[in-house]
Amino acid sequence: MINILMIEDDTEFAELLTEYLAQYDIKVTNYEDPYLGLSAGVKKYDLLILDLTLPGMDGLEVCKEVVEKYDIPIIISSARSDINDKVEGFALGADDYLPKPYDPKEMYARITSLLRRYSKSENNKLVTPKSDFELKGDTIYFKGEALSLTPAEFEVLSLLVKHQGITQSREQIINTSRTMSMDSQGKSLDVIISKIRTKLGDNKRIQAVRGVGYKLV
């Protein structure tokens, strides 16, 4: 059985999702109060579904605290449509962001996909050498040296670093960027990737996955 922690103050919405996921042997434990959710033993759960608009504590603060203390995948589930919330959520360490309203089938698909990738990532930690990349605040280090990056380059590379070895679609990368040109996003992304490769001095570190996007190896 998959055990999911949910922090959501819309009890009716939480109940509907809980009932739907139960048919797939997924148990959801929901807390309306974020403080109670954080004290519920987060590490015993397989995944966290997190709302942003919560009583007493913003969901982004919850996300930040969970990422700092626990190793658990996070899906943000929110009706807040501000792109800045989405970007900040990813920057804090959330793994996925699903805007409300959504079909429970999509949440189920995202849960299974994320847990599958997360499981592979955990297994790979046993054999994968330490990464040459390190992310500290607003600075990315490559082989111990701080990289001089534009805001757009930092946004793109930080996403790839956080999900190293996992392909990120062009849409995922573009949607997390606040500075990329809205007029020619696809072209802008390719230009940014090219500039990052130049600054790394290694064209093979960022691989293009045909028809999908890019991944950091």
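The values are calculated or read from the model by the stated rules, or taken from the named source; none is laboratory data. What you see is a predicted model; the values in this text were computed from it and never measured. Glycine gets a Cβ as well: all are built from the backbone with ideal geometry, and neighbour counts include every protein chain shown. For accessibility, only protein heavy atoms count, side chains too; no ligands or nucleic acids. Shrake-Rupley method; radii C 1.70, N 1.55, O 1.52, S 1.80 Å.
Compute the angle between helix 151-162 and the longest alpha-carbon principal axis of the chain, please, reported from 0 to 90 degrees and rounded to the nearest 10.
60 degrees
Kindly state, to the nearest 0.05, the FRET efficiency for A208 paired with L135, given R0 = 30 Å and r defined as their beta-carbon distance.
Once the sixth-power term is evaluated, E becomes 0.85.
Keeping the other protein chains in place, figure out the carbon and sulfur percent of the accessible area of the chain, with a 1.4 Å probe.
48 percent
To the nearest 20 Debye, how big is the dipole of the range 9-144 about its Cα centre, given +1 on the beta carbon of each Lys and Arg and -1 on that of each Asp and Glu?
Dipole magnitude for the range 9-144 comes out near 840 debye.
So how much slack lies between A146 and E65, counting 0.36 nm per residue of separation and subtracting their Cα-Cα distance, in nm?
Full extension from A146 to E65 adds 26.6 nm.
Across the chain, where is the longest run that never hits trypsin sites (Lys or Arg not before Pro) in a DSSP loop with at most 14 other C-beta atoms within 10 Å?
Answer from the scan: 1-124.
For the chain, find the longest principal axis of its Cα atoms and tell me its angle to the long axis of helix 83-92, 0 to 90°, nearest 10.
That helix lies at roughly 80 degrees to the long axis.
Okay, which of the range 79-98 sit inside 17 Å, backbone N to the point 7 Å along the Cα-Cβ direction of I166?
The answer is 87-98, whose backbone nitrogens lie closer than 17 Å to the label point.
Taking amide H atoms as placed 1.01 Å from N in the peptide plane, list the residues 5 or more away in sequence, or in a different chain, whose amide H sits under 5 Å from that of S78.
Those lying under 5 Å, H to H, from S78 are L98, K100.
Which order do you get for T176, T112, T53 if you rank them by accessible area with a 1.4 Å probe, largest at the top?
T53, T112, T176
Starting at the first residue of the range 198-207, write each ³J(HN,Hα) from the Karplus equation 6.51 cos²θ - 1.76 cosθ + 1.60 with θ = phi - 60°, in whole Hz, x for Gly and Pro.
Using θ = phi - 60°, the values come out as 4, 5, 6, x, 8, 6, 8, 5, 9, 9 Hz.
Could you provide, to the nearest whole Å², the per residue accessible area of the range 26-156 with probe 1.4 Å?
Averaged over the residues of the range 26-156, the accessible area is 54 Å².
K204: which lysines have alpha carbons under 19 Å from its alpha carbon, excluding same-chain residues fewer than 8 sequence positions away?
Partners found: K130, K143, K162, K195, K215.
With runs of 4+ DSSP H residues as the only contributors, calculate the mean residue ellipticity of the chain at 222 nm using -39,500 (n - 2.57) per run, divided by the residue total and rounded to the nearest 500.
-13000 deg cm²/dmol
Angle, helix 59-69 long axis vs. longest principal axis of the chain, Cα atoms, 0 to 90°, nearest 10?
70 degrees
Roughly what would the spin-label model give for S81 and R117, points 7 Å off Cα along C-beta, in nm?
2.5 nm
Under 5 Å between amide H atoms, partner at least 5 residues away or on a different chain: which partners does L54 have, H built in plane at 1.01 Å?
Here the answer is G59, since their amide H atoms fall under 5 Å of that of L54.
For N3 and A109, compute 0.36 nm times the residue count separating them, minus their Cα-Cα distance, and round to one decimal in nm.
Taking 0.36 nm per residue and subtracting the Cα distance, the gain is 36.6 nm.
Rg/Rh for the chain to two decimals, with Rh computed the Kirkwood way over all alpha-carbon pairs.
0.98
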